[in-house]
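**Student:** Can you keep this structure in mind? I'll have questions shortly.
Derivation of every value follows stated rules applied to the coordinates shown; laboratory data play no part. Please read all numbers here as calculations on a predicted model, not as lab measurements. Neighbour counts run over all protein chains shown; Cβ positions are idealised from the backbone, glycine included.
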Amino acid sequence: MIPIFYDFHLHSCLSPCGDEDMTPANLVGMAMIKGLQAIALTDHNSSKNCPAAAKHAEEYGLTFLPGMELTTQEEVHVVCLFPTLEDALAYDAFVHERIQPVVNKPEYFGYERIMDENDCQTAEENLLLINATTIPFDKVQDLVESYHGVMIPAHIDKSSNALIANLGFVPPDSHFTCVEYANLDNAPALEEKNPYLKKCRKITDSDAHYLENINEAVHVLHVRENTPAGIIEMLRTPRN
């Protein structure tokens, strides 16, 4: 097994809450400076800055997973990761049709900038990306798998926009295999109250909206191969 330093929950300037310095080139460059070996870009309800980030990651030799932080109908945040850009962008198109039809007001919520590989803005998202979609939580697992990806309930130990905080429990028909904690120290208490979580793999990410908040090379995931497919295979494998 290969140990890799990772951060699978990053926001670019496409997320309205993301800092304008979080351009694809900047965030990939900062990940390299901090010694990370694998990252994912997971903007709110969009994957449209993933092509530019993937280009920079390829140039740096950094493993890149295109992704999204989906907001479900219940306002639960879910990290969705994919093995290819084609899968991520196809999922993006599906999700975009299911975002609440509320127009973004940049002066209140922040700009939603779509960038090219030269870090030049090519477009601006019109819909407010931090809104909920019409996709219910119990449909996310099968939906993401149909695009060859893996779904990970985000920051499950937080008090808002998280599975347990919003629903009050882990649905009994759940079949996700990995969960994200904001702080891994919170895992034992949550697992005691929610036994299903004991069989899930645990990761922790920065959820960075600013360059300085991207994780240092601290958190390790052991994989068979440091590729998007290899990482997703591991995240899909329940704990023994």
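**Student:** I need the full set of residues from the range 155-180 which are in contact with a helix residue (DSSP H, G or I) (Cβ under 8 Å, 6 or more places away or on another chain) and either crowded, with 21+ Cβ neighbours inside 10 Å or β-branched (Val, Ile, Thr) (or both), in order please.
**Tutor:** 156, 163, 164, 170, 176, 177, 178, 179, listed by residue number.
**Student:** Determine which single condition residue 26 fails, assuming it passes every other condition in (1) in contact with a strand residue (DSSP E or B) (Cβ under 8 Å, 6 or more places away or on another chain); (2) not basic (Lys, Arg); (3) not in a loop (DSSP other than H, G, I, E, B).
**Tutor:** All conditions are met except number (1).
**Student:** Can I ask one more? All but one of (1) part of a loop (DSSP other than H, G, I, E, B); (2) under 24 Å from residue 142 (Cβ atoms) hold for residue 130; state the number of the condition that does not hold.
**Tutor:** With (1) part of a loop (DSSP other than H, G, I, E, B); (2) under 24 Å from residue 142 (Cβ atoms) applied to residue 130, the lone miss is (2).
**Student:** Check off (1) among the charged types (D, E, K, R); (2) in contact with a helix residue (DSSP H, G or I) (Cβ under 7 Å, 6 or more places away or on another chain); (3) under 27 Å from residue 215 (Cα atoms) for residue 92 and give me the number that stays unchecked.
**Tutor:** For residue 92, the exception is condition (2).
Residues are listed down the side, and each one gets a yes or a no for (1) buried (at least 21 other Cβ atoms within 10 Å of the Cβ); (2) touching a His at 6+ places or on another chain (Cβ under 6 Å):
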residue: 45; (1), (2): yes, no
residue: 50; (1), (2): yes, no
residue: 62; (1), (2): no, no
residue: 79; (1), (2): yes, yes
residue: 94; (1), (2): no, no
residue: 112; (1), (2): yes, no
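**Student:** Shifting gears a bit: Given 135, 152, which one is in a loop (DSSP other than H, G, I, E, B) and in contact (Cβ under 8 Å) with a residue 40 or more places away in the chain?
**Tutor:** The match here is 135.
**Student:** State whether one or more residues within the range 190-199 are in a loop (DSSP other than H, G, I, E, B) and in contact (Cβ under 8 Å) with a residue 40 or more places away in the chain.
**Tutor:** First pass over the range 190-199, keeping only residues in a loop (DSSP other than H, G, I, E, B): 194.
Next, only the ones that are in contact (Cβ under 8 Å) with a residue 40 or more places away in the chain stay: none.
There is no residue in the range 190-199 that is in a loop (DSSP other than H, G, I, E, B) and in contact (Cβ under 8 Å) with a residue 40 or more places away in the chain.
**Student:** Against the condition surrounded by fewer than 20 Cβ atoms within 10 Å (Cβ to Cβ) and either touching a Gly at 6+ places or on another chain (Cβ under 9 Å) or free of Cβ contacts under 8 Å to residues at least 24 places away in the same chain (or both), how does residue 75 come out, does it pass?
**Tutor:** Details: surrounded by fewer than 20 Cβ atoms within 10 Å (Cβ to Cβ): yes; either touching a Gly at 6+ places or on another chain (Cβ under 9 Å) or free of Cβ contacts under 8 Å to residues at least 24 places away in the same chain (or both): no.
Against the criterion (surrounded by fewer than 20 Cβ atoms within 10 Å (Cβ to Cβ) and either touching a Gly at 6+ places or on another chain (Cβ under 9 Å) or free of Cβ contacts under 8 Å to residues at least 24 places away in the same chain (or both)), residue 75 does not qualify.
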